[in-house]
Amino acid sequence: MRPRLRRSLRLAATLLLFAGHAPAGRAQQTVSGGSGADYQPSVLRAADGSLLLAFERLDAGLSGDLWVTRSTDDGASWSVPAAVVASAANERHPALLQLGDGTFVLFYLKGTGTSASYRLYRATSSDGVTFAEQGQLQLGWPGGGEVNPHVIRHPDGTLTMSYQRLGGGSYLAQSADGGASWDQLRTVIAASSQLPRIAFRPADGRYLATYQVGSSSLDIQARTTTDPRDWSAAAVPLAVDGDNHDSLPVLMPDGAFVVFQIRANGSQYDIYSHRSLDGVAFEPRLVQHESADASDVQPHPLVGTSTARVQLYWGREAPPGSGDYDIVRLAAATVADRVFADGFEP
């Protein structure tokens, strides 16, 4: 979700809601297709080796429900999607995790149309098939307006969540009990910003947050810290040429950070990535997917054992402006340019 996704996906009442060619050998595969808008994937590899992908499916009024599909062959094929969080309210922006005890947890925004009604919620599942809503997250705010949760799990089981406040900025909260309760500190990552996402490197305790700023043509900035309560370091201008959206940082097995994003090329968006060893200096962006006949948005990678490649999932609108989005994937998206990467990545 972002302020200017595509005009066909804008909610007129609020800023947020929401918010060429593919290189040879890198054709995308459809995960969830058909008419309508399947959008905003969140994917993980479960403890049993299967892949689980949650996404939002929007109706004609751009109100969403959350659906899940599973693959038992490393993404080559997928089960028929099933609705797991569906009500008369608008449920969007899933963040899916598996906890240390094997249970699954799904975080998302939920509201009824006004900015003040949007809050963050949590649903849990023992099997990744049936989810039960556990209620609204208490983050210390007296009124509503929390949206766009992104949640990561640390090796010690701590959860760290970045999220956005409508009309405000980007914030961080942490949980020590699988997301049942959260700190009330309302830690600011960046004022006057949208769509924050976060990554963490256990080796040195370094966090990397990325987010977008602006109102029409957007820039992406990055900020790093080793203290999750102190984001006072200067912002790094990560992508400031043109119109940039949908950033998401991940940690690779070699300790490098990789940030995915989209950038406008004419009337549609394409996908790019940036690699960094320290969260401050970034290598030149790499093309992940360019397509003149479609708009590609919300890239979400699945990191595995390779230091140079990830599985990449995103929402693809074809043709641009149609509002018909499918969830698609690249089985192997290269993120380490060998000119800049160290050694010989597998």
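The values are calculated or read from the model by the stated rules, or taken from the named source; none is laboratory data. All figures in this text were calculated on a predicted structure; none of them were measured in a lab. Note that we place each Cβ from the backbone using ideal geometry, even for glycine, and neighbour counts take in every protein chain shown. To get the accessible areas, we keep the full protein, side chains included, count just its heavy atoms, and leave off ligands, DNA and RNA. Shrake-Rupley method; radii C 1.70, N 1.55, O 1.52, S 1.80 Å.
Surface composition of the chain: carbon plus sulfur atoms hold 52% of the accessible area, using a 1.4 angstrom probe and ignoring ligands, DNA and RNA.
Using equal-weight Cα scatterers in the Debye expression, the normalised intensity of the chain in log10 at q = 0.12 Å⁻¹ is -0.79. Peptides 95-103, 39-47, ordered by how many other C-beta atoms sit within 10 Å of their residues on average, highest first, read 39-47, 95-103.
Using the Cβ of Leu286 as centre and a radius below 10 Å, the other residues enclosed give a net charge of 0, where K and R count +1 and D and E count -1. Taking the average, over residues, of other Cβ atoms within 10 Å as the packing measure, peptides 62-73, 221-232 rank 62-73, 221-232 from highest down. The modelled label-to-label distance for the pair Thr158/Val240, using points 7 Å beyond Cα in the direction of Cβ, is 3.1 nm.
Of the peptides 324-330, 247-253, the ranking by mean beta-carbon count within 10 Å, highest at the top, reads 324-330, 247-253. By the equivalent-ellipsoid construction on the alpha carbon gyration tensor, the stretch 25-170 comes out with semi-axes of 25, 20, 14 Å, ordered largest to smallest. Calculated FRET efficiency, Gln174 to Ser117, Cβ-Cβ distance, R0 = 22 Å: about 0.30 to the nearest 0.05. On the beta carbon distance between Ala27 and Asp74, with R0 = 22 Å, the FRET formula returns roughly 0.85.
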